[in-house]
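Note sheet for the following structure.
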Ligand code: MG
Ligand code: MG
């Protein structure tokens with residue numbers, strides 16, 4: 001059953017989502033060749049707790065860490081390790097926060113140093129597909145409009161769209177109804193209503209859409225070993241239009257990237273606090 005949210009509940013989800021955003025911004029400064037996932041995970045847990053939140057993933061379905069860290073051919077659900085990142089890696093970091101009874105859940109794929117142009121393109125197109133999906137979150141449209149927009153953009157570039165893992169509703173639970181697949185027909189799925197809050201999260205592979213799982217029971221990898229990208233935003237339907245509750249602007253601020261791609265999905269300019 002879909003639980004539509006009041007304005008107050010949406011504001012609480014925004015607070016949790018923004019703590020995830022600030023955590024990712026902090027990590028953007030730390031992620032360099034030689035740094036390990038375990039180190040980033042420790043920093044993230046301390047940061048979240050210092051800011052009044054609880055790591056949302058740790059212990060959820062028995063996941064052992066604060067962050068899902070999925071480098072290169074890992075799609076999602078990677079467990080942080082002691083293996084240092086290398087120049088040229090891409091690293092998907094997914095982070096959840098529980099605060100005031102509501103979850104935020106949001107992800108970004110980072111570049112470690114200089115990344116080859118073919119892989120940079122995969123990251124760009126995956127992020128574009130996220131915004132194409134968000135644009136479709138309009139009153140009266142259906143979840144399938146979001147799904148279709150993501151799929152068509154990714155497939156236009158010859159990429160594989162992961163089918164087994166999907167976006168979701170977000171609120172008092174990390175994963176609520178409805179499911180938000182990254183593939184589908186425009187008129188299919190549940191109707192989009194005022195107060196709907198979704199975690200929209202394309203997972204796009206450079207090669208095949210087929211995936212495999214490691215024996216750790218968590219890590220998802222591409223079946224062909226080619227890279228995979230993952231970008232996720234939390235989005236609410238407010239006044240019939242999509243409003244992004246999370247933000248990549250802390251990451252862009254940390255990396256010195258002057259991006260304005262989210263402005264179209266905000267009522268007012270976001271003032272970044274120090275983090
Ligand atoms: Mg996530
Ligand atoms: Mg999610």
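The values are calculated or read from the model by the stated rules, or taken from the named source; none is laboratory data. What you are looking at is a predicted structure, and each value in this text was computed from that prediction instead of being measured. Cβ placement follows ideal geometry from the backbone for every residue including glycine, while neighbour counts extend to all protein chains displayed.
A quick yes/no check of all residues on (1) more than 25 Å from residue 121 (Cα to Cα); (2) within 16 Å of ligand 1 (Cβ to nearest atom):
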| site | (1), (2) |
| --- | --- |
| 155 | no, no |
| 168 | yes, yes |
| 182 | no, yes |
| 191 | yes, no |
| 195 | yes, no |
| 210 | no, no |
| 217 | yes, no |
Worksheet entry | Filtered residues of the range 87-113 (kept if surrounded by fewer than 24 Cβ atoms within 10 Å (Cβ to Cβ), under 18 Å from residue 70 (Cα atoms) and more than 16 Å from ligand 1 (Cβ to nearest atom)) | 87, 88, 89, 111, 112, 113
Worksheet item: How about the range 178-267: which strands (runs of 3 or more DSSP E) wholly inside it have at least 2 residues that are modelled with pLDDT of 95 or more and away from ligand 2 (no atom under 16 Å from the Cβ)?
Response: 211-213, 220-222, 233-238, 241-244
Discussion item. When the residues of the range 153-177 are narrowed to those that are over 24 Å from residue 54 (Cα atoms) and either part of a strand (DSSP E or B) or modelled with pLDDT under 95 (or both), which ends up nearest to ligand 2 (Cβ to nearest atom)?
Written reply: 161
Worksheet item: Of all residues in the range 47-68, which are outside any loop (DSSP other than H, G, I, E, B) and over 18 Å from residue 107 (Cα atoms)?
Response: 49, 50, 61, 62
Discussion item. Could you go through the range 78-89 and let me know if any residue there is in a strand (DSSP E or B) and more than 16 Å from ligand 2 (Cβ to nearest atom).
Written reply: yes
